Amino acid sequence: MIDLYLWATPNGHKITIALEELGLPYRTRPVNIGKGEQFDPAFLRISPNNRIPAIVDDAPADGRGPLSIFESGAILTYLAEKTGRLLPSDVRGRFEVMQWLFWQVGGLGPMAGQNHHFVQYAPERIPYAMDRYVNETTRLYRVMNTRLDDRPYLAGDYSIADIACYPWVVPHEKQRQNLDDLPNLKRWFATIGGRPAVERAYAVGTQLLVQARDDAQKR
């Protein structure tokens with residue numbers, strides 16, 4: 001059994017998608033970042049960077065007891081290697097996937113995250129910062145659109161690279177992006193969004209938010 005420490009964020013959704021796609025049994029361990037639960041000492045022992053997601057696998061392949069992993073890219077790689085799925089074993093196929101996974105964790109995620117902050121949450125409206133991160137998000141979306149011109153998924157076959165990128169495209173409207181201008185990306189987005197495992201994963205996130213709301217109303 002895998003314990004998944006998460007909240008309903010793009011990085012959290014990555015791991016629920018992977019677990020649902022791979023059919024691995026897991027338990028959700030909500031970490032309400034709005035309440036600061038990511039700073040709890042027990043969670044910091046699992047995720048020292050005080051960020052979700054993180055997992056604890058009670059039955060890793062080495063048989064040496066529970067294994068904890070933080071950072072979404074590392075978790076996705078671990079789950080793919082654990083099951084032998086969503087990541088090719090041949091060197092060319094593997095690094096075709098890995099380069100796009102690293103592209104997401106080093107580029108799309110951070111840039112879109114700054115987009116979210118300055119466009120939606122920053123207490124001060126800073127036009128330079130807003131333009132910078134909206135424009136960089138636009139550039140990265142265009143990179144994906146070009147890549148998808150002659151293939152159904154980022155690395156050819158559906159993989160952890162697609163799983164990593166998809167949740168960061170879900171809030172495209174809030175990022176001031178128009179998928180109608182990016183037909184290849186729009187097709188990819190619709191295809192992944194229609195996968196049953198993805199629908200189940202997002203239902204998990206919705207339930208976390210509903211439970212948090214209900215708990216707040218009871219106080």
- Item | Within the chain: Cβ-based charge dipole about Cα centre, in debye rounded to nearest 20 (Lys, Arg +1; Asp, Glu -1) | 320
- Query: Using a basic spin-label model with each label point 7 Å from the Cα along Cα→Cβ, how many nm lie between GLN217 and GLN99?
  - Reply: 5.0
- Task: Pop the C-beta distance of ASN178 and ARG64 into the FRET formula with R0 = 41 Å and round what comes out to the nearest 0.05.
- Result: 0.25
- Message: I'd like the antiparallel share, as a percent to the nearest 5, of DSSP beta bridges with both residues in the chain.
- Response: 65
- Amide H contacts under 5 Å for ARG29, restricted to residues at least 5 apart in sequence or on another chain and with H modeled in the peptide plane, are LEU4, TYR5, LEU6
- What do you get for Rg/Rh of segment 2-85 when both radii come from the Cα atoms and Rh is the Kirkwood radius? 0.95
- Would you calculate the separation in nanometres between label points at LYS82 and LEU209, each defined as 7 Å from the Cα along the Cα-to-beta-carbon direction? 2.6
- Query: Cross-link partners among lysines for LYS186, C-alpha distance below 30 Å, same-chain residues fewer than 8 apart left out?
  - Reply: LYS14, LYS174
- Note on the structure: Length gained if ILE126 through ARG27 is fully extended, taking 0.36 nm per residue and subtracting the Cα-Cα distance, is 31.6 nm
- Antiparallel DSSP bridges in segment 2-85: what percent, to the nearest 5? 60
- Message: Test of understanding: ordering HIS116, HIS13 by Cβ neighbours within 10 Å, fewest first, what list do you get?
- Response: HIS116, HIS13
- Item | Cα-projected label distance for ASP150 with ASN49, points at 7 Å along beta-carbon direction, nm | 3.4
- Run the numbers on segment 131-219 and let me know its relative contact order in percent, using alpha-carbon pairs under 8 Å that are six or more apart. 28
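Taken together, the values in this text are just the output of simple stated rules run on the coordinates, not laboratory data. Just so it is clear, the model here is predicted, and its values are computed rather than measured. Positions of Cβ are backbone-derived with ideal geometry, glycine not excepted, and every protein chain shown enters the neighbour counts.
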